[in-house]
1. Given H placed on each backbone N at 1.01 Å, which residues far from Tyr60 in sequence or on other chains put an amide H within less than 5 Å of it?
2. Please compute the Kirkwood hydrodynamic radius over the chain, one decimal place, Å, based on all pairs of different Cα atoms.
3. Amide H neighbours of Ala114 under 5 Å, at least 5 residues apart or on other chains, H built in the peptide plane: list them.
4. Quick check: Cα centre of segment 13-50 to Cα centre of segment 82-137, how many Å?
5. Run the accessible area of the chain with a 1.4 Å probe and give the carbon-and-sulfur part as a rounded percent.
6. In whole Hz and in residue order, list the ³J(HN,Hα) couplings for segment 46-55 that follow from phi through the Karplus curve 6.51 cos²θ - 1.76 cosθ + 1.60, θ = phi - 60°; x for Gly and Pro.
7. Leaving out ligands, DNA and RNA but keeping every protein chain, what accessible area does Glu46 have, in Å² rounded to the nearest 10, with a 1.4 Å probe?
8. Leaving ligands, DNA and RNA out of it, rank Asp79, Asp119, Asp16 by accessible area with a 1.4 Å probe, largest first.
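The values are calculated or read from the model by the stated rules, or taken from the named source; none is laboratory data. Just so it is clear, the model here is predicted, and its values are computed rather than measured. With ligands, DNA and RNA removed, areas are computed over all heavy atoms of the protein, side chains included. Shrake-Rupley method; radii C 1.70, N 1.55, O 1.52, S 1.80 Å.
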Amino acid sequence: MTNGELREKLALALEDMKAKAIEMGIEGVATASVLNSGDTVDWIGEMKVVGSYCNWKDGYNLVAVAWSKCGEVIATQADSGDPNHQTITGELGYAGGAYDEHEGCKLAFAFSGATSEEDLVVAKYGIEKMKGYISGK
């Protein structure tokens, strides 16, 4: 699968994440990235705003938090927010990022804007949809 095809599939998975967040009554930022099978350099990433990109009231830049979760997931190849993981510069340690591998592709998805549990539901939903798109379902 080409990187272009994966980018198109990421856009679909992000639309699914947006729909899931709206269904759940939450707002925030969805991030999704994939490393093509066999590639070790080019992570492809996309983002979708669902309602708001910042929580001005509480002082959260949701774009920065969502990408930090995605970055942690990429580095650890595990869901973000594990209390046993020693965070490194750039990571915030928040839960709500999900990791999986499918047909050789590495998938790192995150959501930021709701509770950690809700964020993780949306991220895992996006991964499941992406796995279906990769498989042609």
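1. It is Asn55, by chain and number.
2. Working: mean 1/r = 0.0690 Å⁻¹.
This gives a value of 14.5 Å.
3. When sequence neighbours closer than 5 places are left aside, the close amide H contacts are Asp119.
4. That distance is 9 Å.
5. Taking all protein chains in place, the chain shows 50 percent carbon and sulfur surface.
6. 9, 9, 9, 8, 10, x, 8, 9, 9, 9
7. Result for Glu46: roughly 50 Å² accessible.
8. On the way: Asp79 50, Asp119 5, Asp16 30 Å².
Descending accessible area places them as Asp79, Asp16, Asp119.
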